[in-house]
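FYI, it's all coordinate maths here, none of it is from the lab. Please read these numbers as outputs of a predicted model, since none were measured by experiment. Here the Cβ is made from the backbone with ideal geometry for all residues, glycine too, and neighbour counts use every protein chain on show.
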Amino acid sequence: MHTIHLTIAYDGTEFHGWQHQPGTRTVEGVLREALDTLLGAYDDLTAASRTDAGVHARGQSVHFRTGCNLDCSHIARGLNRYLPPDVAVTACAGAPPGFSARHNFGKHYRYELWLAEYDDPLTRRYHWWYHYPLDFDAMRAAAALMTGTLDMRGLQMVSGKQHEETTRTIRAVTLTHDGPRLAIDIVGKSFMYKQVRAMVGVLLAAGRRRIPADSVRDVFAGAAGPRRFDVAPPHGLTLMHVFFAPPASRDTL
């Protein structure tokens with residue numbers, strides 16, 4: 001059996017997330033259909049991230065095992081022939097035995113907002129139209145306090161998954177403001193369900209002065225009283241990259 005490592009891009013708008021669900025359109029579901037058609041037999045299809053409904057990806061990482069002797073260029077071309085237009089294999093490589101897409105050093109997510117009096121109809125599927133005034137200095141001060149190994153049980157409340165480990169390591173949080181576009185890049189070792197979208201909500205709450213910028217770690221730990229932030233909607237979020245070597249913090253963005 002050979003191990004094949006794929007990088008996949010997709011527009012998550014018309015999908016109910018990554019994970020296969022019978023009777024529901026998912027990214028894993030259409031990839032399995034393409035693999036069935038191309039290869040027939042394969043095993044152990046696994047993704048680095050089970051993205052939620054509406055979330056996009058430029059760098060989702062997937063592996064599977066197969067006895068087929070097709071080389072990677074033929075596998076990539078063949079899969080792209082059978083995949084729908086909102087999914088594409090962007091890279092294919094052989095991987096050593098024991099490789100798993102889940103055994104990675106971390107992920108880079110980007111959340112995009114559109115800050116204007118009007119929405120942009122050409123890119124509205126990939127950003128959150130947010131037309132409230134924001135204090136960017138306060139947001140950057142809050143972002144600086146979001147890195148490190150932190151207790152995030154205050155964000156667990158929004159996920160509804162009380163069994164998750166709440167101590168998480170965030171390597172970098174950066175803001176890029178260019179005209180009406182605001183990009184928030186977050187690199188971390190691992191993430192709770194909805195964690196990135198909750199972190200974006202905390203940053204926006206700081207930017208609207210609903211919470212003090214220096215209270216971010218108390219908010220994360222659930223020690224700041226009643227919740228005063230919203231969870232950002234999924235369509236502004238994109239999985240940009242999965243790291244299989246240690247990322248170099250800000251230099252990776």
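Before moving on, here are some points about what is shown:
- Between R81 and Q21, the contour length at 0.36 nm per residue exceeds the alpha carbon distance by 19.3 nm.
- About its Cα centre, the dipole of the chain is roughly 440 debye, where the only charges are +1 on Lys and Arg Cβ and -1 on Asp and Glu Cβ.
- Packing rank of 72-81, 45-54, where each peptide gets the mean count of other beta carbons within 10 Å, highest leading: 45-54, 72-81
- Whole-Å distance, taken between Cα centres, linking region 1-71 and region 206-227: 38 Å
- Comparing T24, T167, T238 in a Gaussian network model of the chain (Cα springs below 10 Å), the most mobile by mean-square fluctuation is T24.
- Listed as lacking a disulfide-compatible partner in the chain: C68, by the criterion of no other cysteine Cβ under 4.7 Å.
- Neighbours of P22 by Cβ distance under 15 Å: Lys/Arg scored +1, Asp/Glu scored -1, total -1.
- Taking P97, P234, P84 in turn, the Gaussian network model of the chain (Cα-Cα springs below 10 Å) assigns the largest fluctuation to P97.
- Region 54-126: C-alpha gyration tensor shape, a/c 1.5 cut-off, then a/b vs b/c: oblate
- Choice from H103, H16, H241 with maximal GNM fluctuation in the chain (Cα, 10 Å cutoff): H103
- The Rg/Rh ratio for the chain is 1.00, where Rg is the radius of gyration of the alpha carbons and Rh is the Kirkwood radius.
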